[in-house]
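Let me begin by presenting the structure, written as C-alpha cells, before commenting on it.
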Amino acid sequence: MTNFSKGAILLLLLILSAWSLEARLQSCKPSGTIRGKKPPPGQCNQENDSDCCKDGKLYTTYKCSPSVTGTTKAVLTLNSFEKGGDGGGPSDGGSRCLNNITVSANGRSVTAMVVDECDSTMGCDEDHDYQPPCPNNIVDASKAVWKALGVPEDDWGELDITWSDA
C-alpha cells in the first residue's frame with residue numbers, strides 16, 4: 001500500500017471517529033426551558049447552597065441524560081436527602097433507584113446507593129422546592145460520599161467526578 005493510500009485511510013478513520021464523537025456528544029441536547037417564578041417566602045430551602053428559582057429567568061430542561069460509560073463525567077453536588085431538606089420532592093422511582101453506582105474523584109472511589117433521580121424536565125414549583133430543574137450531568141451526594149472521597153469540608157459544593165453503574 002502506498003503512503004498516499006495509508007494516509008487517506010487514516011484521514012478517513014479520523015473523520016469517522018470525530019463524526020461519531022460529535023454524534024454522541026449531541027445525542028442529549030436541551031429539550032426546552034422553564035421560566036422561573038419567585039418562590040413564596042420561606043418556600044425555597046437553600047441548605048447546602050441550593051439555588052432558588054429567579055423570577056423570569058429561563059432554565060434549560062433535558063429529557064435525556066448523557067450516555068453512561070465506565071467513566072461518565074458529571075458534577076458532584078451536596079444534598080441532605082432528609083425530609084424537609086434541600087432535595088425537593090420525594091423520590092421519583094427512577095430506573096437507578098435503590099441500585100449502586102461508583103463515584104470516583106480525588107484519587108478515590110466510593111460505592112453509593114441511588115435513592116432519587118433528579119428531575120431535569122421540571123422545577124421552579126412547589127413540588128420541586130422552587131429549585132431550578134437539574135442539569136443532566138449532576139450526581140447529588142450525601143455528606144458521607146463527600147467524606148469517603150476525602151474532600152475537605154471547606155471544598156464541598158461542586159466537584160468534577162466520573163461515575164458508573166456498580
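A 1.4 Å probe, protein heavy atoms only, puts the accessible area of ASP154 near 150 Å². Computed on protein heavy atoms with a 1.4 Å probe, the accessible areas place THR162, THR71 in the order THR71, THR162, largest first. In the structure shown, the pairs LYS38/LYS147; LYS29/LYS143; LYS37/LYS63; LYS29/LYS54; LYS57/LYS147 are assessed against 28 Å; a Cα-Cα span above that value is assigned to LYS38/LYS147; LYS29/LYS143; LYS57/LYS147. Subtracting the Cα-Cα distance of LYS147 and ASN48 from 0.36 nm times their residue separation leaves 34.2 nm of extension gain. Taking all protein chains as shown and a probe of 1.4 angstrom, CYS118 keeps an accessible surface of around 60 Å². The phi torsions of the stretch 113-125, fed into the Karplus equation with coefficients 6.51, -1.76 and 1.60 and a -60° offset, translate into couplings of 8, 7, 10, 6, 10, 5, 7, 9, 10, 9, x, 6, 9 Hz, rounded to whole numbers, with Gly and Pro shown as x. Ordered by 1.4 Å accessible area with all protein chains kept, THR102, THR72, THR60 run largest first as THR60, THR102, THR72.
Within the accessible area of the stretch 86-166, the carbon and sulfur atoms contribute 45%, probe 1.4 Å, all protein chains present.
The values are calculated or read from the model by the stated rules, or taken from the named source; none is laboratory data. Because the structure is predicted, anything quoted here is derived from the model rather than measured. The protein model used for the area step is the full one, side chains on, heavy atoms only, and it has no ligands, DNA or RNA in it. Shrake-Rupley method; radii C 1.70, N 1.55, O 1.52, S 1.80 Å.
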